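What follows is one structure encoded as structure tokens, with my remarks underneath.
The values are calculated or read from the model by the stated rules, or taken from the named source; none is laboratory data. Remember, predicted model here, so these are calculated numbers, not experimental data. Every residue, glycine among them, receives a Cβ derived from its backbone with ideal geometry; neighbour counts consider all protein chains shown.
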Amino acid sequence: MRIVTPVFLAVLLLACSFANVRAVTNDSFAEGIAEYRAGQFAPAAQAFETAASVRPAAGMFVNLGLAEWQRGHAGAAILAWEQALWVDPFNKPAVEDLQFARQVTQLDAPQLRWFETLSTWLPPAAWLWIAGASLWLAAGMILLPPVFRRPKAVWHQTVAACGLCVFLFSLPANWGVISRTHLGFVLEDNAPLLLTPTREGEVISTLTSGEPARKLRTHGNYYLIRTQSDTGWIEREQFGLISRK
């Protein structure tokens, strides 16, 4: 009983935690749907934001994007739909909404490096699992036969080689996932891009809501970002990153 009871309590607490998360998500989602149908887009966006922060899911981000778009917040809408594709690269509504939004705003999609493009083929967690599973498979085929005192067969070597190839293929994709966490989008129209990370800094240019950029580093309440044409500082509240982690 001294061993079983703590384990049982831990499992029970974990189950209760999942139940609470599901309840909060369902309540917020239902509230968001009701507010959206009533034409109350600001409360709808807040409800979808709450649901997405508790349980990130592509559908939540798609609905959040729709509510933000109806509010006239193109940057927040584009960010939400990009976050939907971060969770699920195959989400068709997010793809279609982004295409429509970029046609209307005349904004370009972020410029991705080749390994970042590779990372968009699957969800981020999938690449991590593939790397781990393929590495363990290759190591197992090499190390386990001697442990069990069995000769290495041709199929052991073949499986190990295949596992190693998959592992090596997944490395640039995982690096692309890490690199893409620095991508983000301007949230406010005419947001100033500053020469220094201060409110009194010289304005280099003004940015368009929904414009993509890459975060280079952080200083206090400012991000140093690189757009397609300039590099400068922007307030953190005016810039949203594609990854929430």
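See the values below:
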quantity: Strands (runs of 3 or more DSSP E) within the stretch 111-219 that include 3 or more residues surrounded by fewer than 17 Cβ atoms within 10 Å (Cβ to Cβ); calculated: 203-207, 212-219
quantity: Filter result (surrounded by fewer than 16 Cβ atoms within 10 Å (Cβ to Cβ) and hydrophobic (A, V, I, L, M, F, W, C)) within the stretch 55-110; calculated: Phe90, Val95, Phe100, Val104, Ala109
quantity: Whichever residue in the stretch 54-68 is assigned to a helix (DSSP H, G or I) and either among the β-branched types (Val, Ile, Thr) or in contact with a Ser or Thr (Cβ under 9 Å, 6 or more places away or on another chain) (or both) and, among such residues, is modelled with the lowest pLDDT; calculated: Val54
quantity: Residue, nearest to the chain's Cα centre (by Cα), within the stretch 154-175, restricted to residues that are farther than 28 Å from Ser119 by Cβ and of a type in the set (A, V, I, L, M, F, W, C); calculated: Trp155
quantity: Residue in the stretch 106-153 that is nearest to the chain's Cα centre (by Cα), counting only those that are of a type in the set (Val, Ile, Thr) and at pLDDT below 95; calculated: Ile142
quantity: Val147, sole failed condition from (1) without any contact (Cβ under 8 Å) to a residue 60 or more places away in the chain; (2) in contact with a strand residue (DSSP E or B) (Cβ under 9 Å, 6 or more places away or on another chain); calculated: (2)
